[in-house]
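Below is one structure, written out as structure tokens; comments come after it.
The values are calculated or read from the model by the stated rules, or taken from the named source; none is laboratory data. Please read all numbers here as calculations on a predicted model, not as lab measurements. Here Cβ is always computed from backbone atoms with ideal geometry, including for glycine, and neighbour counts include all displayed protein chains.
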Amino acid sequence: MNRLTPILIIALFIGSFYIPITAGAGELDAVQRAKVLLRVLTYDRNLTSRLDGNNVVVKILFNPKNSASRSEKKAIVRAFTSLKSVSIKGNNLQVSEIAFSSAGDLKAVLSGGKVAAVYVCAGLESKLSGIRSATRSAKVASISGFEEMVRKGLSIAAVEVDGKGKIIVNLRSAKAEGMKLESSVLRLADVIR
């Protein structure tokens, strides 16, 4: 396979949709966001170390006291669940929710089993330091739909820029969480070093 083939596949995948802004400036539709984030996870060379058997486990972290967080959780759970038939490097997708209570509790949940990624919903901005600590300690990828969260230390976001999907990667955070992203996906992303 030509070295450019993975780059072209990702570019076509990301560039193949035009999504009107529905949730707010810079946000993709939940299904498109979930598709992009799952696609990025397939380009993590260390994904196999975070598999639970042959399952890619994605936990959806939300703030139960915040209505925007509960609303996003509902939409993103539905979006990831709609993609359960999609194979991720030959593995199945498993999705569940975590109501954030404390960084210590999150760390215990993440350390207790193989989790590939934690999707961080809106309403947890003030908790990012603790979330970051937990994901780094457990070597779990932190993903979101908000560029600002990635700028504050989460690993990956899928956002809308000029009507098209865009990947934002905080390379330092991704490495701290044990990710080893292929250069082909990094060339397509806005990389924060």
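Remarks
- Comparison of SER111, SER183 shows that the only residue that is modelled with pLDDT of 95 or more and among the hydroxyl-bearing types (Ser, Thr, Tyr) is SER183.
Every residue, every condition in (1) surrounded by fewer than 16 Cβ atoms within 10 Å (Cβ to Cβ); (2) within 20 Å of LEU51 (Cα to Cα); (3) in contact (Cβ under 8 Å) with a residue 24 or more places away in the chain, yes or no:
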position	(1), (2), (3)
LEU93	no, yes, yes
VAL115	no, yes, yes
ILE156	no, yes, yes
LYS166	no, no, yes
ASN170	no, no, no
GLU177	no, yes, yes
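- Residue within segment 134-141 that is surrounded by 22 or more Cβ atoms within 10 Å (Cβ to Cβ) and among the polar types (S, T, N, Q) present: yes
- The one condition from (1) in contact (Cβ under 8 Å) with a residue 60 or more places away in the chain; (2) within 14 Å of the chain's Cα centre (by Cα); (3) over 23 Å from VAL185 (Cβ atoms) that GLY123 does not meet is (2).
Residues checked against (1) farther than 23 Å from ASN46 by Cβ; (2) polar (S, T, N, Q):
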site	(1), (2)
ALA108	no, no
TYR119	no, no
GLY123	yes, no
ARG132	no, no
THR135	no, yes
SER142	no, yes
GLU147	yes, no
ILE156	no, no
LYS166	yes, no
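- Of all the listed residues (SER49, SER101, SER85, SER71), the sole one being assigned to a helix (DSSP H, G or I), loosely packed, with under 15 Cβ neighbours inside 10 Å and of a type in the set (Gly, Ala, Ser) is SER49.
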